[in-house]
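What follows is calculated from the coordinates using simple rules that are stated; it is not laboratory data. Treat the numbers as computed from the prediction; the structure is a model and nothing was measured. Backbone-built Cβ (ideal geometry, glycine too); neighbour counts: all protein chains shown.
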Amino acid sequence: RMIIDIIHEGVKQNEVRKDIKPSIIRQIIQGSIEHVCLPAIIFNRKIDVEPATEDLCRAIFLGIQNRKP
C-alpha cells in the first residue's frame, strides 16, 4: 500500500502522470526489481546494485514523470 500512497502523492503534486493507473506503476516497479534480482537468485549471480538501481530509476521515473506544466 505504501507504494500506491507515494504514487498518489506524486499525482497530487503534479509530478507523476495522471494517465497511468497507480496499480500499473506499482506493478512496473515491483516487476522490474524482480527481474533484476531473479538471475542472482536462480543462477547465483552477483548483482551490481548501484548501476542496476540507476538504470531502473531512470527508466521508471522518466516513464511516469509528468512533463506537462
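Mean residue ellipticity, 222 nm, helices only, the chain: the sum of -39500 (n - 2.57) across DSSP H runs of n ≥ 4, divided by residue count and rounded to 500, is -23500 deg cm²/dmol.
Using the Cβ-Cβ distance between I41 and D19 with R0 set to 35 Å, the FRET efficiency works out to roughly 0.55.
Charge tally around R17: other residues with Cβ under 13 Å, Lys/Arg +1 each, Asp/Glu -1 each, net +3.
Kindly provide the trypsin sites (Lys or Arg not before Pro) of the range 26-69 that DSSP labels as loop, not H, G, I, E or B, and whose Cβ sees at most 12 other Cβ atoms within 10 Å.
Details: sites: R26, R45, K46, R58, R67; in loops: R45, K46, R67.
Within the range 26-69, the qualifying trypsin sites (Lys or Arg not before Pro) (loop, at most 12 other Cβ atoms within 10 Å) are R45, K46, R67.
With a Förster radius of 35 Å applied to the C-beta separation of E34 and L62, the computed FRET efficiency comes to 0.95.
Over the chain, what is the relative contact order in percent, taking alpha-carbon pairs closer than 8 angstrom and at least six residues apart? Before the final figure, lay out each step's value.
Values: 35 pairs, mean separation 28.6, N = 69.
Contact order relative to length: 41 percent.
Within the listed set I28, I41, I20, the Gaussian network model of the chain (springs between alpha-carbon atoms below 10 Å) gives the highest mean-square fluctuation for I41.
Using +1 on the beta carbon of Lys and Arg, -1 on that of Asp and Glu, and nothing else charged, what's the dipole of the chain about the Cα centre, debye to 20? Please list the in-between numbers first.
Working: 11 positive and 9 negative charges, 64 e Å.
It comes to approximately 300 debye.
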